[in-house]
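Asks: Sharing a structure, written as structure tokens. Questions coming.
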Amino acid sequence: MREEIFGPTLSILTVADLDEAIAFVNERDKPLALYAFTDTDSTKRRLTAETSSGGLDFGLPMHHLAVPPLPFDDVGESGMGNYHGRYSIGTFSHRKAVLDVPLS
């Protein structure tokens, strides 16, 4: 839980309650993804409002990668913008503003 995990391994943590889960997330660097296994709407709302992560999935880890219209966002130390589908173009391109004002 000190380094980002890029592979088939998924860390699963059990917490006493929602407050402990939110505190755990917020006490560390922003995670690339947060996966929560809950059907409770109030829990989903709190996790959405009270935490920040690159992606937030409820019930099915990494499923957002299978949905091309959803961006996969980086935040914090992982910050590189977002990518996946059409979002990759903006992230991996450099748009430069050019202003040309005539001198006369």
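Each value in this text was obtained by applying a stated rule to the coordinates, not by laboratory testing. The structure presented is a predicted model; accordingly, all values stated were derived computationally and were not measured. Quick reminder, even Gly has a Cβ in these numbers, built from the backbone with ideal geometry, and neighbours come from all protein chains shown.
Asks: Exposure proxy check: ASP17, ASP29 ranked by fewest other beta carbons within 10 Å?
Replies: On the way: ASP17 8, ASP29 12.
Neighbour counts put them in this order, fewest first: ASP17, ASP29.
Asks: Starting from the amide H of SER53, placed 1.01 Å from N in the peptide plane, find each other amide H under 5 Å away whose residue is 5 or more places distant or on another chain.
Replies: Under 5 Å from the amide H of SER53: no residue qualifies.
Asks: Hey, what do the phi angles of region 32-48 turn into as Karplus ³J(HN,Hα) couplings, whole Hz, using 6.51/-1.76/1.60 and θ = phi - 60°, x for Gly and Pro?
Replies: 4, 8, 10, 10, 10, 9, 8, 10, 7, 4, 5, 5, 4, 4, 5, 4, 5
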